[in-house]
Amino acid sequence: MTDNATFKHEDVELQLPVVKASNGNDGYNISQLLSKTGNVTLDPGFVNTASCESTITFIDGNEGILRYRGYPIEQLAEKSTFLEVAHLLIHGELPTQDVLDTFKYDVSNRMMLDERMRELYRCFPRGAHPMQVLSAGLSALGSFNRRTLDVHDPEQVNEASLRLIGSMPTLAAYAYKSSVGEPFQYPQKNLSYVENYLRLSFGTPQEDYEIDPAVVNAFETLFILHADHEQNCSTSTVRMVGSSDATMYASMSAGVNALSGPLHGGANQAVLEMLVKLREEGVDMKTYVAQVKDKKSGVKLMGFGHRVYKNHDPRATIIKGHADKLLRASGKSNDLLDMALELEEVALNDEYFISRKLYPNVDFYTGLIYEAMGFPANYFTALFTLGRLPGWIAQWREDHADPTRKISRPRQIYVGETERDYVPMDKR
Ligand code: SDX
């Protein structure tokens, strides 16, 4: 028996079917609203609007809960590996050992890029932002895999998924190598996905790259924590571009561009730049927080706040624990970590943040780890992309499998000029 909500306005009364959730918010299906009332809804930033029904990721912002396919992020971060989580997100179940071994083998066989793709990187200036390079690399990848472009052929969609996951570490590492003028390495079949990524990034032809298991474990966890996050800005972009039957490569490239913004994935870079600036200028945390609270300053506390989490971001909690351990192990000075911890302490005890339920999000501590690992700040969002790719692929595939799928085309409420006649130049 479908539950309905009643919408009434003037002489119109409409029954809106209630879409029941298994966890979290139910929804009112308004797909008949325009045809039955002649009017549309308005919801800037889609704060109150669900774009789809999904079975992939569940977030409870009030309880600080994040689950992939029902599994709590805390358990996956502690017990799983990034490729196992990638398989879980895309296929819906934790793989058996045989299935996982096959998946890892298939991905490993698709890590090497067409040799001509190296020339693409040489076209970019050294100072190009890695997200611009990554976006171009993903688009170009489709050109070098033209037999995997048919979005209606399940085999080609599977092949494109493997090719994208396999190529991403190489694409990302090449963006870094190109920016520092170092020679590109080749992926090695005897290394794991994360080991390969670290060696592609920091290895040189001059010596064998020594793999630090603690760093590998940290990146396995970091990539797991970034792997999906339901209908955020970049995932919604991937779905929207995919809704036009654009290729998977074009959709992922669009996702990179959406993620690059400092209000979204670019925040991890902005956090480190904020801390470094505060250190250089000798600004104390209380003074900075006062500046943030003054709307006229236009200053935000980067790495704080979230559209969904109105309690702690469970990812930030896990990363914070790793940051302390890794930074002390790396022997790097912890002044920026100490500053971040103090900034969090000051903010979380201030009414401005408490009343607005602003807590550290996933981006607040990640940059400190990435910097300690040797990555430059403008590269941090490329690392976010590497983690998020399997989630984008899972969400893109879910959208394509939806029997009610339509091209995304929101409406508007026109508030501009009503009809008027053209004015000749001599009458203006
Ligand atoms: C990610 O959506 C996802 O799931 C994203 C993500 C993912 O995994 O995909 O989790 C990754 O993008 C994390 C967020 C990274 N961005 C930042 O850290 C940038 C700083 N944060 C803000 O820009 C902001 O909090 C957003 C963009 C994250 C959320 O913006 P919302 O939901 O539109 O909230 P809002 O701007 O309406 O803020 C509500 C109030 C406002 O004050 P008032 O107008 O009520 O007085 O809170 C204030 C805001 O000014 N506010 C902040 C603030 N964030 C919100 N004030 C100071 N510093 C901040 N960081």
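The values are calculated or read from the model by the stated rules, or taken from the named source; none is laboratory data. Worth saying up front: this structure is predicted, and the values here are computed from it rather than measured. Here the Cβ positions follow ideal geometry from the backbone for every residue, glycine too, while neighbour counts run over all protein chains shown. Note: accessible area is taken over every heavy atom of the protein model, side chains too, but ligands, DNA and RNA are not part of it. Shrake-Rupley method; radii C 1.70, N 1.55, O 1.52, S 1.80 Å.
Considering every residue within the stretch 78-96, establish whether at least one is over 17 Å from ARG315 (Cβ atoms) and of a type in the set (Asp, Glu). Scanning the stretch 78-96 turns up at least one residue that is over 17 Å from ARG315 (Cβ atoms) and of a type in the set (Asp, Glu). Inside the stretch 354-372, residues that are surrounded by 18 or more Cβ atoms within 10 Å (Cβ to Cβ), within 16 Å of the ligand (Cβ to nearest atom) and charged (D, E, K, R) make up a count of 1. Put simply, of LEU88, LEU83, LEU66, LEU100 the only residue that is surrounded by 20 or more Cβ atoms within 10 Å (Cβ to Cβ) and either free of Cβ contacts under 8 Å to residues at least 24 places away in the same chain or farther than 26 Å from ALA214 by Cα (or both) is LEU88. Residues that are more than 7 Å from the ligand (Cβ to nearest atom), outside any helix (DSSP H, G or I) and open to solvent by 50 Å² or more (accessible area, probe 1.4 Å) within the stretch 292-303 comprise ASP294, GLY298, listed in sequence order.
A Cβ distance below 6 Å, combined with a sequence gap of six or more or placement on separate chains, defines the contacts here; from the stretch 231-247, residues that are within 22 Å of PHE384 (Cβ to Cβ) reach residues that are open to solvent by 30 Å² or more (accessible area, probe 1.4 Å) and within 9 Å of the ligand (Cβ to nearest atom) in the pairs CYS233/HIS264.
Out of the stretch 260-273, which residues are within 11 Å of the ligand (Cβ to nearest atom) and surrounded by fewer than 22 Cβ atoms within 10 Å (Cβ to Cβ)? Matches in the stretch 260-273: GLY261, PRO262, LEU263, HIS264, GLY266, ALA270. Could you tell me whether ASN257 is within 27 Å of the chain's Cα centre (by Cα), part of a helix (DSSP H, G or I) and surrounded by fewer than 22 Cβ atoms within 10 Å (Cβ to Cβ)? Spelling it out, ASN257 is indeed within 27 Å of the chain's Cα centre (by Cα), part of a helix (DSSP H, G or I) and surrounded by fewer than 22 Cβ atoms within 10 Å (Cβ to Cβ).
Scanning the stretch 286-325 for residues that are closer than 17 Å to ASN268 by Cα and among the basic types (Lys, Arg) returns LYS300, ARG307, ARG315, LYS320.
Applying the set (1) touching a helix residue (DSSP H, G or I) at 6+ places or on another chain (Cβ under 8 Å); (2) near the ligand (Cβ under 9 Å from one of its atoms); (3) farther than 25 Å from LEU149 by Cα; (4) open to solvent by 30 Å² or more (accessible area, probe 1.4 Å) to HIS306 leaves exactly one unmet item: (1).
When each of SER31, SER51 is tested for being without any contact (Cβ under 8 Å) to a residue 12 or more places away in the chain and under 27 Å from SER243 (Cβ atoms), the lone residue that passes is SER31. In the stretch 182-199, the qualifying residues are those that are of a type in the set (Phe, Trp, Tyr) and touching a Pro at 6+ places or on another chain (Cβ under 7 Å), and the one that is nearest to VAL215 (Cα to Cα) is TYR197. With ARG356, ARG307, ARG411, ARG328 as the choices, which residue is over 24 Å from LEU164 (Cα atoms) and under 16 Å from the mean Cα position of the chain (by Cα)? One residue alone meets the criteria, ARG307.
Here is a yes/no grid of residues against (1) near the ligand (Cβ under 7 Å from one of its atoms); (2) open to solvent by 40 Å² or more (accessible area, probe 1.4 Å); (3) part of a helix (DSSP H, G or I); (4) closer than 28 Å to GLY387 by Cβ:
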site	(1), (2), (3), (4)
VAL276	no, no, yes, yes
ALA290	no, yes, yes, no
THR317	no, yes, yes, yes
LYS320	no, yes, yes, yes
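Taking ASP335, is it under 25 Å from GLN75 (Cβ atoms), touching a residue at least 12 places away in the same chain (Cβ under 8 Å) and more than 20 Å from the chain's Cα centre (by Cα)? It is false that ASP335 is under 25 Å from GLN75 (Cβ atoms), touching a residue at least 12 places away in the same chain (Cβ under 8 Å) and more than 20 Å from the chain's Cα centre (by Cα). Scanning the stretch 237-253 for residues that are within 15 Å of the ligand (Cβ to nearest atom) and under 18 Å from MET131 (Cα atoms), we see that the one that is most open to solvent (accessible area, probe 1.4 Å) is THR237. Residue pairs whose Cβ atoms lie under 9 Å apart, sitting 6 or more positions apart in sequence or on different chains, and linking a residue in the stretch 294-314 that is on the phi > 0 side of the Ramachandran plot to a partner that is of a type in the set (A, V, I, L, M, F, W, C) and more than 6 Å from the ligand (Cβ to nearest atom), are GLY303/ALA270; GLY303/VAL271; GLY303/MET274; GLY303/ALA316; GLY303/ALA340; GLY303/LEU343; GLY303/PHE364; GLY305/PHE353. The residue of the stretch 373-422 that is most open to solvent (accessible area, probe 1.4 Å), among those that are assigned to a loop (DSSP other than H, G, I, E, B), small (Gly, Ala, Ser) and touching a helix residue (DSSP H, G or I) at 6+ places or on another chain (Cβ under 8 Å), is SER408.
Just one of (1) open to solvent by 70 Å² or more (accessible area, probe 1.4 Å); (2) out of contact with any Lys or Arg (no Cβ under 8 Å at 6 or more places or on another chain); (3) not in a helix (DSSP H, G or I) fails for ASP338. It is (3). Taking the listed residues ALA218, ALA214, the one that is under 22 Å from ASP324 (Cβ atoms) and buried (at least 19 other Cβ atoms within 10 Å of the Cβ) is ALA218, with no other qualifying.
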